[in-house]
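As structure tokens, the structure follows; a few thoughts come after it.
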Amino acid sequence: MSTILKDLNEVQKEAVTSENKQILILAGAGSGKTRTLTYRIAWLISNKKIKPEHILAVTFTNKAAREMKDRLAALIKGKMSALWIGTFHSICARIMRMEAKHLGYDQGFTIYDVDDQVRALKKCMSRLNIPQQMYSPKLFQSKISRAKNNLQKPADLVKEMAVEVDRLLPDVFEEYDRFLKENNAMDFDDLLLKPIELFQNNPKLLKKYRSKFKSILIDEYQDTNRAQYELIKLLADKDIDLCVVGDEDQSIYRWRGADINNILNFSKDFPGADVFRLEENYRSNNNILEGANALVANNQQRLGKNLFTKRPEGDPIVLIETENERDEAKKIVECIHNEMFSKKRSFNDIAILYRTNAQSRVLEEELRKNAISYRIIGGQKFYERKEIRDILAYLKIITNPQDSVSLRRIINFPLRGIGDTTVGKIEKYAESLGITLLEGLGHVKDVDSISEGMANRVLEFHQIIQKYRKLRNKISAAELASTLTTDVGIINHLKTEYDQYESEARLQNVHELFNTIEDFTKERESEGLDNSLASFLEEVSLQTDIDSLDETKNQVTLMTLHSAKGLEFPIVFITGLEMGLFPLQRNSADPAELEEERRLLYVGMTRAQENLYLSYARTRRRFNSVMTMVPSLFLDEIPSKYIEIKSTESGRKSASTTRKQARRKKMLEYFKQGQESQESELDYSIGSLVYHSTFGKGKVVNLEGQGERMKVSVLFEGNIMKKLIAQYANLTPLEVVD
């Protein structure tokens, strides 16, 4: 191992070989944190003689976990299958598969995604006689998720709330938790909460896992939330090596519950911990790095680093000034062509980043016009396609017979003539006997007022499910999925219900699913790991956007700045640098939110290795109206010596003091107008889609008055009409909701 350490710089070596029980590695962008973390694990195995099965390594994505495991296998010439490595959710799911019985779950539990959760909540609301026409199940889902991330239970929520939906929340939350237990299911938040509950209620189990994990290493510590923090505090007692790696300047998930204070207060939580700063950047040229450093230095919530690089100065950052969003897209395409022809770039070298998904449409149109191949990260995911979700629902019920959400999804797909009324009758019968809905299907002839013909159709469906439940441990997961899909009629349905083009596309997706299952089972078998159908379904449930990124295809990558975390590209475009868009309107008045927006731009800028382009438009069509835009305040925080401007009038030129002063004046005018007034006058128009934290999604149907006196009439989900004073409405345009 000592000969391998020569590949590390001095600070990396010190971090890798530290003997301290607690270590914080502050790893700046592009400073080799993955390398350092990987070498730390290798050093623990080779020098400290800690066996892989006694090491827990937590990464931010499944993709990062696979890459780290491959690097380790090459580094120390051995199999890493025994190493516990993965995301928080995958690690917790693994623990719960083994220990679920202690909380009254079967190890074959289903993991519900957001769509499944909403379906479950609809059933819960029906049980509680809460009309879905008045209250949005998706709003309840969001509020319950927020409560769980704050480690709150139904009893912790106060019913004496001013808004009716909040008064109903504790009862809905309690019923939802009961429903999940009945269905042997957990949602994503439960995957973090249940191990905490498990360890708090079972000291012997906690002792078992503390004895098992001699060393715990956590990547991206700045993005941990309260539940993850509590789990770490439970597992990492004084006898366990704890190494966390992170960068407070790249904390960008506050809106998802991440708490930057976890990394800022690490030395308080673990007094005497070693702190190492990785400050040499190996990714970006000097102009890009210095520009990014100057930007993020404006933040107050920092531990402080002084990033530097030995790479060349490189080209300056290019600021593209454009007339509108279509002009912006055209100029980006011009720059792509220039990079392709002058520097022999490939499409794969290029990423276009934006603050909101809505910005991609015009960019896509221009790329298509110019025959530029592209991929979108964060669009419709493979596993969210209807034909794939339908097949997965069949596989879920075969694995977990208590899963009524999956069962209700597929009992009449393909069409069997089994309607909701029939299912409702069987469900009531099953509930009266205390049996599952699937078991109830087998007793359909005992249910009153169901015709013999209908009962036979139900029994035929029940027999198919039972047939494959018996086969699930006798044939491979891929063979089961393929045979089942044909047997229940899905293949024939896809061939006959769609035109030739769509039919072929959907069938290709289905066969890709079969190939994926086969590849998964073979790979897991070769590593000596669980390759069951249940383990595949778990893997699917925990997929992220980045996990599906195929870097072998020669395509320009389009994605939000949040999705770009952890990636790098030779050329990066960051679009829409305008007040109200970046930073977002709702975040620019809150100092903490504004700092996070600045960190988000810092993350985007430091994805670029060689060339960085920033762009803004003078006008932009937003919310059904053309708005005059003000350049982002962040542009003024990047020193002009690192920037060249490419404007409509004059081509490229250096950023001038006069130009910056003009921008500063516009920004001062922007803030002077006031946050609320700006939103009222610019962002609301009839037909605009908006979001309210209490009422959910809605559409603006009428506007009365102007400025501070403007009133906005919004029709929310469930046919709820509200007239709000624009200045205090707290409405967020739907297209910019994360």
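Here is how the numbers come out for the structure above:
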| quantity | calculated |
| --- | --- |
| All-pairs alpha carbon distance profile, the range 284-362, 10 Å steps from 0, percent | 14, 34, 37, 15, 1 |
| Top positive-direction residue, dipole computed over the range 172-235 with Cβ charges, set Asn183, Gln200, Ser211 | Ser211 |
| Other-chain or far-sequence residues with amide H under 5 Å of Asn324's (modelled H) | Arg618, Thr619 |
| Amide hydrogen neighbours beyond the local backbone of Trp84, cut-off 5 Å, H modeled | Ile55, Ala57 |
| HN-Hα J in Hz across the range 283-294 - Karplus 6.51, -1.76, 1.60, θ = phi - 60°, x for Gly and Pro | 9, 9, 5, 5, 4, 5, 5, 5, x, 5, 4, 5 |
| Cα-only Debye scattering, the range 391-529: base-10 log of I(q)/I(0) at q = 0.10 Å⁻¹ | -0.39 |
| Calculated FRET value between Arg127 and Asp487, using beta carbons and R₀ = 35 Å, to 0.05 | 0.55 |
| Residue-by-residue Karplus 3J(HN,Hα) for the range 319-335, coefficients 6.51, -1.76, 1.60, Hz, glycine and proline x | 9, 9, 8, 10, 6, 7, 5, 6, 5, 4, 4, 5, 5, 5, 5, 4, 5 |
| Total formal charge among the other residues, if their Cβ is under 14 angstrom from that of Thr309, Lys/Arg +1 and Asp/Glu -1 | -2 |
| Cβ-placed point charges (K, R +1; D, E -1), dipole of the chain about Cα centre in debye, nearest 20 | 820 debye |
| Protection-proxy order for peptides 209-217, 628-636, 170-178, each taking the mean of Cβ atoms within 10 Å per residue, highest first | 628-636, 170-178, 209-217 |
| Estimated 222 nm signal from helices in the chain, with DSSP H stretches of n ≥ 4 weighted -39500 (n - 2.57), rounded to 500 | -14000 deg cm²/dmol |
| Leading residue at positive end of dipole, the chain (Cβ point charges), from His102, Ile465, Ser688 | His102 |
| Per residue value of the accessible surface for the chain (all protein chains in place, 1.4 Å probe), Å² | 43 Å² |
| Radius of gyration, Dmax [the range 100-245; alpha carbons; angstrom] | 17.3, 55 |
| Projected-area average for the range 37-148 over all orientations - Cα convex hull basis, square nanometres | 9.5 nm² |
| Peptides 353-366, 260-273 ordered by average Cβ neighbours within 10 Å, highest first | 353-366, 260-273 |
| Computed E for Ala155/Asp519 - FRET, C-beta separation, R0 60 angstrom, nearest 0.05 | 0.85 |
| For Ile218, residues with placed amide H under 5 Å, excluding near neighbours | Val58, Cys243, Val244, Val245 |
| Accessible area of the chain belonging to carbon and sulfur atoms, whole % at 1.4 Å probe | 47 percent |
| Inter-label distance, nm, simple model (7 Å from Cα along the C-beta direction), Asn702/Ala297 | 5.5 nm |
| Antiparallel bridges, percent of DSSP beta bridges restricted to the chain (to nearest 5) | 35 percent |
| Largest-first principal axis extents, alpha carbons of the chain, Å | 84, 72, 57 |
| Enclosed volume per residue, in Å³, of the convex hull spanned by Cα atoms of the range 398-455 | 79 Å³ |
| Over 32 Å between alpha carbons, listed pairs Lys181/Lys699; Lys13/Lys212; Lys33/Lys343; Lys51/Lys470; Lys181/Lys495; Lys233/Lys697 | Lys181/Lys699; Lys51/Lys470; Lys181/Lys495; Lys233/Lys697 |
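The values are calculated or read from the model by the stated rules, or taken from the named source; none is laboratory data. The model shown is predicted, which means the values in this text are computed figures rather than measured ones. With ideal geometry, Cβ positions are generated from the backbone for all residues, glycine too; neighbour counts draw on all protein chains shown. Areas reflect the complete protein model, heavy atoms only, side chains present, ligands, DNA and RNA absent. Shrake-Rupley method; radii C 1.70, N 1.55, O 1.52, S 1.80 Å.
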